[in-house]
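A.B. asks: Can you read through this structure? Questions will come right after.
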C-alpha cells in the first residue's frame, strides 16, 4: 500500500511538468522501446495473430477455405461446444484436469513456502546454497526425462523401488498401473520437479523483510517458530496471494507433456486431461473445430477464475495482480 | 501515455493479423479436361519442367542414410527428369507419428504433392473438408499415359476406394505383393535345452511357457529374474493377433466379419474376448511381461530384451527377428547369447476346426493421395507410374550388384549389408516403393528364388519356414465398398487408443475381475463411437447387399 501511494505522489508531481508528445518520448527513450520491441513481436506473432483463428470454434472447419469464408457451425455457432459436452471422453478429461490440478494446488502450493521457511532457518550459508541448487535442478528436466525416470524407479517389474520391495518380501506397489497410486505418483513428481524453483520467489521476499522486525521480536522473547509465524509468514502474505491467484488460473489449464510422459493406458481413466484430449481429437483426429471450442472454453474459464480470485482478494484487502 | 501506446499497438496488430488471414482461398474444382488442354504434355513428357514434392517416411535409424537424399532418391530424380521432365523433391515425415505430421502439413497447406499414409479415415476427413483431389477423372483420362500403374495396381487397387454412389476417388491403394502378416516365434535353443518339440496347439504352447518359467535358472542363469516366457507389447491386438484370431470362427460370414471389423485389431469381432481371457490367464500365471503396458509405440525396450535373450516367445510381423541385417534380433542373439541362439517361426494357435486360420487384409497396403494444394496432379500420377514400373521396383528393392546385393550361381539375388548412401532405411526400400509392399522382382521365378536370401545373415530355411507358416490357412479380406461411413470420421485415433486400453486393462486384470473389466472397457469403447460404426455398417450392408451374408 505504501509503495502505491508513493508512486501516485511521484506521478502527480511529474506528469504536468512533462507534457511530452510521442516523438519526444521516442527520441529520448528509443533504446528502451527498441528493447521492448522484441518481446512485443513475440507476443504479437505467437499470442495475438493466432487469436484470429479462435473463430474456428464457431465455424465448420474446411481445409480448402480460409477462415473468413468457412461456413458457421450450427446452433448459432455453438454446435461444437454443445457437442463437446455430450462427449464422455471430454467430460472425463475435464474432470481429470480439475482433479489433478486441484491436487497439485492443494498439495503442491504449500511446499515451496515450507521449503523457503526451512531454508531460511539454516545457519550455514554454504549448506543452504548447496541444498538450494540441488532443489532447483529438477526444474530443468523435461517431462520426457522425468517420465522415463519414473519408469526406471516405479515400474512393476523392472522399477528400482519395486525390485527393492519384492526383494524384501513385499508385493510390488502399483505406482504406475492403478488409478489411485498413479494420481499420487503424478502429483508427487510435480511437487518434486517444482518446489525448489518456486521457492525462489519466497526466498527473495523473505530476504526483503527488515531485520529490525526480527530483532524486535527477539527482544520481546519470541522463539524461532513465533518469529516464523508472526513475522515471516505475514510478510510473505502478499506474495502468497499473488501466486495463489495466478495458480488458480492454471487450474483449468496445464500442458500435455506431464500427463503424456507419466500416463499410460492402464490409468487412462485419470491420465487423460484436456490438453491430451485436444491433441488426440484435434491434431490426430482432425476435429479442429471441436477441439478449438474446447480450448476456448478452457481459456475462458481460466480467465473467469483469475478475475474472480483477484476480485475476492481485493475485497479482502489484499493486493491483487492488477 | 505508455499504456495508451501499448494498447494502441496491440489493437493495431490484432487488426493486422485478422487482415493477414484473409487471403489464400484456393477452393473450387479443377477440371481435368481444361488441365489436359492447357498442359504442355506430349508423348509422356512435359515441355517445361514440372516440380513435385513427394512424402517419404523418416525412420530415424541409427546410422541410416538421409531419407531425402541418397542413392535411391538420386535414381528416382534422374529417371523422372529424363522420362517425364519432372523434377522431384522429397520431404521426410517421421514414420511413427505420420498421421499427426500429415495432419499438420495439410492444415498448414504445406503438405507434399504426393502423400502417403496407412490411415484411410485421415484421407476421408480431409476429403470432406475439400482438402483432397478427386483422382477418378485423372486415372481414367490419363489411363494410356499410366501403363505401369494400371498394370501393377489394376482396377482392383486403383478403384478400391471409389465411392459407389458419387464415383469420387480420394486415393489409390498400394498393392501387397505377399499377404504375410503376423506369426509366432520361439527360441529354438531353449526348446532344445529342455528337450521339447515346437508346440502345435495352445495347450502345448502354454506348457512350453510354463516349462520356460520353471527352468529359468537353466535357461538364463544369473539373469533368471529377467525371464519373460511370452512377450506382448501394449498393442495386444497386433502382438497377439494369431492367438486372438484362433478364437474367431474361421467360417464367419463376410457380413459378420465386416460389420464388426472396423478395428483392424479385431476388438469387436465375436470370439476376441476369449482370446484375451487366455492372455489374461497367462499374465496372472506370471508368463508374460509385467510392464508391457507402460512402454509406448516406437519404444525399443522390448526389442532389447529379445536381443538380450530374456524372451522365450513372441508374436509379431512374419519376418520380425530377421529384419535390419547386423542389427536384427537373431543377429544380436547370436552375439549376446551364443551361436545356436535364435528365434524360429511356429504355428501353435489352432482354431475350432483344428486349422490355423489367419485373417489377413485384402491386397491393399498404404494409401496414396494428392492434397488439393497439389498443382501438378498429372506429374504426380506419372511419378506413381514411374515407381510402379517393374524394373524400377526391382532396382529400388535390391539396389546395385556388388553394393547392396550379389547374384548367386543360380541367378538368385542375395541381399547384403550396405554402407553409407546405399543403406536402405526400410526393408526392400518399402518407403520409396509406395505402390508395393513385399518383394517383387521382374519375374516371379526370380522373386521366389531370392525371397529367402533377402535377409543378410539369416539362414534361408528360417525365412522360408516363416513364409510358409505366414501363408498357412489364410482368410484374405474382401473389399466391402459401401462408400464413406460417416461414423468413422475423425474417431479413428481416439478409438485405436481406447481399443489398446481395453486390451491392456483386460490382460492385466485379475482372473476373477476379467469379465467385469472387459465388459466395462468395451462398453466405454462402444459408447465412444464404436457402436455407431457397427450400426452404420449394418445399415450400409443392408442397403448394398440386402439379406445376403456373403460378398460376391
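Rule-based calculations on the coordinates, nothing more; no lab input. Since this is a predicted model, take the numbers as computed values, not measurements. Glycine gets a Cβ as well: all are built from the backbone with ideal geometry, and neighbour counts include every protein chain shown.
A.B. asks: For the ranges A:175-181, B:129-135, what's the packing order if you count other beta-carbon atoms within 10 Å of each residue, average per peptide, and put the highest first? Let's see the in-between values first.
C.D. replies: Numbers: A:175-181: 17.6, B:129-135: 22.0.
Ranking the peptides A:175-181, B:129-135 by packing returns B:129-135, A:175-181.
A.B. asks: While we're here: Label region B:401-552 by shape, choosing from rounded, prolate and oblate, from the square roots a ≥ b ≥ c of the eigenvalues of the Cα gyration tensor; if a/c is under 1.5 it is rounded, and otherwise prolate applies when a/b is larger than b/c, oblate when it is not.
C.D. replies: The shape class here is prolate.
A.B. asks: Okay, next question. Tell me, A:139, B:316, A:76, B:405 in order of fewest to most beta-carbon neighbours within 10 Å?
C.D. replies: A:76, A:139, B:405, B:316
A.B. asks: May I pose another question? Run the numbers for residue A:75 and residue A:168: contour at 0.36 nm per residue of separation, minus the present Cα-Cα distance, in nm.
C.D. replies: Contour length minus the Cα-Cα distance gives 27.3 nm.
A.B. asks: As a footprinting exposure proxy, order A:161, B:178, A:267 by other Cβ within 10 Å, with the fewest listed first.
C.D. replies: Least to most surrounded, the residues fall as A:161, B:178, A:267.
A.B. asks: Distance between Cα centroids, region A:250-322 to region B:399-436: provide it in whole Å.
C.D. replies: Spelled out, the Cα-based centre of one part sits 50 Å from the other.
A.B. asks: So if I take the centroid of the Cα atoms in region B:144-177 and the same for region B:299-361, what is the distance between those two points in Å?
C.D. replies: The two parts, judged by their Cα centres, are 35 Å apart.
A.B. asks: Classify chain B as rounded, prolate or oblate, taking a ≥ b ≥ c as the square roots of the eigenvalues of its Cα gyration tensor: rounded when a/c is under 1.5, otherwise prolate if a/b is larger than b/c and oblate if not.
C.D. replies: Prolate, because a/c is 1.5 or more and a/b exceeds b/c.
A.B. asks: Compute for region B:46-199: radius of gyration divided by Kirkwood radius, i.e. Rg/Rh, restricted to C-alpha atoms, rounded to two decimals.
C.D. replies: With Rh from the inverse mean 1/r over Cα pairs, Rg/Rh is 1.09.
A.B. asks: Please report the spacing between the Cα centers of region B:508-532 and region B:442-488 in Å, no decimals.
C.D. replies: Region B:508-532 and region B:442-488 have Cα centres separated by 33 Å.
A.B. asks: Would you mind calculating the gained length between residue A:197 and residue A:215 on full extension (0.36 nm times residue separation, minus the Cα-Cα distance), in nm to one decimal? Walk me through the numbers before you get to the answer.
C.D. replies: Values: separation 18, 0.36 × 18 = 6.48 nm, distance 2.92 nm.
Answer, rounded to one decimal: 3.6 nm.
A.B. asks: Still on this structure, I have one more. Using Cα atoms only, what is the angle between the long axis of helix B:492-508 and the major principal axis of chain B, expressed in degrees (0 to 90) to the nearest 10?
C.D. replies: Tilt of helix B:492-508: around 10 degrees.
A.B. asks: Give me B:144, A:37 ranked fewest to most by other Cβ atoms within 10 Å of their Cβ, as a rough exposure proxy.
C.D. replies: The order, fewest Cβ neighbours first, is B:144, A:37.
A.B. asks: Quick one: P(r) of the protein assembly as shown from all Cα-Cα pairs, 20 Å bins, percents rounded to integers, in order of increasing distance.
C.D. replies: Reading upward from the zero bin: 12, 38, 34, 14, 3, 0.
A.B. asks: Once label points are set 7 Å from the Cα along Cα→Cβ at both residue A:222 and residue B:300, what is their separation, rounded to one decimal in nm?
C.D. replies: My value for the distance between the label points is 6.0 nm.
A.B. asks: Answer rounded, prolate or oblate for chain A, using the Cα gyration tensor with square roots of eigenvalues a ≥ b ≥ c: rounded when a/c is under 1.5, else prolate when a/b is larger than b/c, else oblate. Before the final figure, lay out the partial values.
C.D. replies: Working: a/c = 2.13, a/b = 1.07, b/c = 1.99.
Cα axes put chain A in the oblate bin.
A.B. asks: Another question about this same structure. When the helices in chain B are scored as -39500 (n - 2.57) per DSSP H run of 4 or longer and the sum is shared across all residues, what 222 nm value do you end up with, to the nearest 500 deg cm²/dmol?
C.D. replies: -12000 deg cm²/dmol
A.B. asks: Helix B:202-214 sits at what angle to the longest principal axis of chain B, using alpha carbons and giving 0 to 90 degrees rounded to 10?
C.D. replies: It is inclined by approximately 70 degrees.
A.B. asks: Using only Cα atoms, tell me the angle between helix B:531-545 and the longest principal axis of chain B; keep it within 0 to 90° and round to the nearest 10.
C.D. replies: 70 degrees
A.B. asks: Subtract the Cα-Cα distance of residue B:472 and residue B:215 from 0.36 nm times their separation in residues, and report this length gain in nm to one decimal.
C.D. replies: So the chain would gain 89.3 nm between residue B:472 and residue B:215.
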